[in-house]
Structures are given as C-alpha cells and as structure tokens.
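Only the coordinates and a few stated rules stand behind these numbers; no lab work does. Nothing here was measured: the structure is a model prediction, and the numbers come from that model. With ideal geometry, Cβ positions are generated from the backbone for all residues, glycine too; neighbour counts draw on all protein chains shown.
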Amino acid sequence: MAELTHIRDILAGTSFDARARALTAVREEWRCLHPHKELRVKTNAAGKPMYVEQCVRCGGTDGGRWVSPRLIHDPSSVPQFDEDLAVRFRAEERAASQEVEEQFASNGAEWWKAYNAYLETAHWREIRRAVIERAGGRCEGCGRRAATQAHHLTYVHVGNEFLWELRAVCDHCHTRAHDQDAAD
C-alpha cells in the first residue's frame, strides 16, 4: 500500500491535466482586455499619418479603428505608435508558457515511470476488471470486440480514478484513441 501511495503522489503532482490547467492560467494571466489605451500616430505606406488607439500593455489596437485627424486637437502631441510593444508582449507570454512546458517536461519521465508502475498494481487490476465488467466485456469504442483494457478519459484522478473516468476498450480502439490524442 505504501508503494501505491508513493505512485499516487508522483502521478498527482505531474498529471497532464495539471499541465493543461497551468497553461490555461498562463493564457488568462496574459490575456489583455486593453484596459488602458492611448492615441498613437502611425505612418502609412503613402507617408501619411494615421491615428489609432493602442493598448499600452500589449500593443493591440482592437481591430485598428482609425481616428480622423480632424478630431485631434493637437496632432503634434500624439506619441508614435509602438511597433515593438506587441512583439515584446507576445515574446514574454511565450516565455511564460515555455517555462510551464519545461517544468512539466522535466517531470514527464518520472510521471510515465510511476504510471507504468501503477498499471502493474493489484489496485489497477481491480479497477480495470470493474470497468470491463461494467461494459459487459464489450469494447465501448467499437462495440464488436472484447474489451481488453481500460482507457483513461482524464488523468485528473489517476491512481484514484472514478470508474466513470475510464472506458473499456479493445486493443484496436485503445490505439485509435491514443493516436487521436497525439493528433490533438
């Protein structure tokens, strides 16, 4: 039982779902609703000044609706459009995402080792048996072949799964399911 607890600890700390949650948190943190915009001037290809509101956080322009120069009291006081702001913002966002990816990649080998050890436990064999029994011994993927495996729909509770998080599948459908996961 101590070995199963150790395996569960490793699996819980490095799950695929934890990675997805961490990446979603990074995207939310870097999502910009353009809370503070300033009028900026940009020179078009013909050399004419064009006025647009630019977000001072991310460099975005909310679709780039141009402002007529006639509406600007003092066009000479309008600062230049910052072309590099959006590039810098996205580079910092990518770096934050990459940091999360690297953290989970370093844990990946340990996770797979623990997961494979878990699949050899009596606990997993009992869960697998219950899932296949629930399906009446039939593959829930194709409905034709005998179920031989239990497929995880999620890895959130791996090591302490709910039965509804697993499907009874044949070898062929299990391969198809993982090929689809790789394509996503």
State the label only: which of (1) 1.65; (2) 1.25; (3) 1.05 corresponds to Cα Rg over 2.2 N^0.38 Å computed from the shown model?
(1)
Cysteines in the chain lacking a second Cys C-beta under 4.7 Å:
Cys55, Cys142, Cys173
Can you classify the range 119-184 as rounded, prolate or oblate using the Cα gyration tensor, where a ≥ b ≥ c are the square roots of its eigenvalues, rounded means a/c under 1.5, and otherwise it's prolate if a/b beats b/c and oblate if not?
oblate
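Work out the FRET efficiency for Thr175 and Val87 from their Cβ-Cβ distance, taking R0 = 30 Å, and round it to the nearest 0.05.
Values: r = 42 Å, r/R0 = 1.41.
Taking R0 as 30 Å, the efficiency between Thr175 and Val87 is 0.10.
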Magnitude of the charge dipole, the chain, Cβ model with Lys/Arg +1 and Asp/Glu -1, debye to 20
640 debye
Given the Cα-Cα distance of Trp66 and His34 and 0.36 nm per residue of separation, how much length would full extension add, in nm?
9.9 nm
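Within the range 82-184, list the chymotrypsin sites (Phe, Trp or Tyr not before Pro) lying in a DSSP loop whose Cβ has at most 16 other Cβ atoms in a 10 Å radius.
Passing sites in the range 82-184 are Phe162.
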In degrees, nearest 10, range 0 to 90: what is the angle between the Cα axis of helix 122-134 and the longest Cα principal axis of the chain?
90 degrees
Folded to 0 to 90 degrees: helix 83-118 orientation relative to the chain principal axis, Cα
10 degrees
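Is it possible to state the helix-based mean residue ellipticity at 222 nm for the chain, with each DSSP H run of 4+ residues giving -39500 (n - 2.57), the sum divided by total residues, to the nearest 500 deg cm²/dmol? What is it?
Using -39500 (n - 2.57) per qualifying helix, the result is -16500 deg cm²/dmol.
I'd like the antiparallel share, as a percent to the nearest 5, of DSSP beta bridges with both residues in the chain. The partial results should precede the final answer.
On the way: 14 of 15 bridges.
Close to 95 percent.
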Identify all lysines with a Cα-Cα distance to Lys113 below 29 Å; exclude those on the same chain that are fewer than 8 residues away in sequence.
none
GNM result for the chain, Cα springs below 10 Å: residue of Val156, Val131, Val78 fluctuating most strongly
Val78
Given the candidates Tyr155, Ala130, Thr175, the one whose Cα lies deepest towards the positive end of the charge dipole of the range 130-177, counting +1 at each Lys or Arg C-beta and -1 at each Asp or Glu C-beta, is Thr175
Stretch gain in nm, segment Gln103-Arg144, where the contour uses 0.36 nm per residue and the Cα spacing is subtracted
10.6 nm
